[in-house]
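Asker: Have a look at this one.
The values are calculated or read from the model by the stated rules, or taken from the named source; none is laboratory data. Being a predicted model, the structure only gives us computed values, none of them experimental. Every residue, glycine among them, receives a Cβ derived from its backbone with ideal geometry; neighbour counts consider all protein chains shown.
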Amino acid sequence: MKRITAAFLFACSPILSAGAPGDTEGSSMTGDAGFEASLETYLARFDERKIRIREQLHAPATTEAIAAFEADVGQELPGDVKALYLVANGQISPFHDAVPREDGSRRFGYPVELGEDDYVGNFFGTYEFLSLAEARQEWSFISENWNSEAMSLDHDFMTEIREGDPIQPYSYRPEWIPLAKDGGGNSLSIDLAPAEGGTVGQIIAIGPDESEYRLIAPSLTALLHSVGERGIGPDEGDEQRYFFNIRN
């Protein structure tokens, strides 16, 4: 299989121009070149660990699909998030089709054929990169289940924000758009309504298992750049699934 690079994907996809609406203010990594370089460095870190994430990525989304998603959620995505979806519309789960065993139980297969030292994983560490359809479904589910007055009041009372992080003190906001999700219903979300001192498009960790909601990075590009610079952490997965902590 041909090795997929960010440059190849960008050459095949319409990419947003620098300074497009939704780019985060104050970030030095908001233009196409910054995003593309950060993405390729980030993907190279998976290559170093022999994690076959490139082959787990879905085909790019179309500009029409992105526009339809934005219309559905009533929000405009930041430029770098759009650029990522123009590269890949989510990923294939590392927990692929269940395979039956002789004893009647089932095990999960792998989404790609692996060599002895190869791995599959999640694009965002322990969080699975959602397609636009999956993100829309997740956003709708949270909106429907957390928008009742009783649920909102109860959960907002219990929600904790990590000290100093510019996140509004709510358990849910419709301006929080899920980008990736773990197995416990927690997500990395794009925060389009940050508290004072934050940036539109910052990446936050939220969900029912989070003792504190926290800021992960001031933008998607900044997140890719940071992990690309420091490298992927130790394996926290099982068998030939490689998971790592992307949070700070």
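Asker: Out of segment 41-82, which residues are within 17 Å of S219 (Cα to Cα) and either β-branched (V, I, T) or free of Cβ contacts under 8 Å to residues at least 40 places away in the same chain (or both)?
Answerer: T41, V81
Asker: I204 is checked against (1) within 25 Å of Y110 (Cα to Cα); (2) free of Cβ contacts under 8 Å to residues at least 60 places away in the same chain; (3) hydrophobic (A, V, I, L, M, F, W, C) and fails just one. What number does that condition carry?
Answerer: That leaves (1) as the condition not met.
Asker: Of all residues in segment 200-245, how many are part of a loop (DSSP other than H, G, I, E, B), at pLDDT 90 or above, under 30 Å from E116 (Cα atoms) and not hydrophobic (A, V, I, L, M, F, W, C)?
Answerer: Counting residues in segment 200-245 that are part of a loop (DSSP other than H, G, I, E, B), at pLDDT 90 or above, under 30 Å from E116 (Cα atoms) and not hydrophobic (A, V, I, L, M, F, W, C) gives 3.
Asker: Of everything in segment 40-60, what is among the aliphatic types (A, V, I, L, M), surrounded by 19 or more Cβ atoms within 10 Å (Cβ to Cβ) and over 15 Å from the mean Cα position of the chain (by Cα)? Give them in sequence order.
Answerer: Scanning segment 40-60 gives a single hit, I51.
Asker: Restricted to segment 31-79, and to residues that are part of a helix (DSSP H, G or I) and in contact with an Asp or Glu (Cβ under 7 Å, 6 or more places away or on another chain), which residue is farthest from D235 (Cα to Cα)?
Answerer: Ranking the candidates gives E70 first.
Asker: Take the residues of segment 80-92 that are modelled with pLDDT of 95 or more and outside any helix (DSSP H, G or I): which is farthest from T126 (Cα to Cα)?
Answerer: L86
Asker: Right, next: Regarding G19, is this residue small (G, A, S), at pLDDT below 95 and out of contact with any strand residue (DSSP E or B) (no Cβ under 7 Å at 6 or more places or on another chain)?
Answerer: yes
Asker: List every residue pair whose Cβ atoms lie under 6 Å apart, where the two residues are 6 or more positions apart in sequence or sit on different chains, the first residue falls within segment 214-242 and is closer than 24 Å to I167 by Cβ and in contact (Cβ under 8 Å) with a residue 12 or more places away in the chain, and the second residue, located anywhere, is among the aromatic types (F, W, Y) and assigned to a helix (DSSP H, G or I).
Answerer: T221/F35; L224/Y42; V227/Y42
Asker: Hey, among the residues in segment 106-117 that are touching a residue at least 24 places away in the same chain (Cβ under 8 Å) and either among the β-branched types (V, I, T) or in contact with a strand residue (DSSP E or B) (Cβ under 8 Å, 6 or more places away or on another chain) (or both), which one's farthest from T62 (Cα to Cα)?
Answerer: L114
Asker: Something else about it: Would you tally the residues in segment 227-247 being of a type in the set (S, T, N, Q) and surrounded by fewer than 16 Cβ atoms within 10 Å (Cβ to Cβ)?
Answerer: Going through segment 227-247 one residue at a time, the tally reaches 1.
Asker: Can you spot a residue in segment 181-198 that is under 15 Å from Q137 (Cα atoms), touching a residue at least 24 places away in the same chain (Cβ under 8 Å), polar (S, T, N, Q) and part of a strand (DSSP E or B)?
Answerer: The answer is yes, given that some residue of segment 181-198 is under 15 Å from Q137 (Cα atoms), touching a residue at least 24 places away in the same chain (Cβ under 8 Å), polar (S, T, N, Q) and part of a strand (DSSP E or B).
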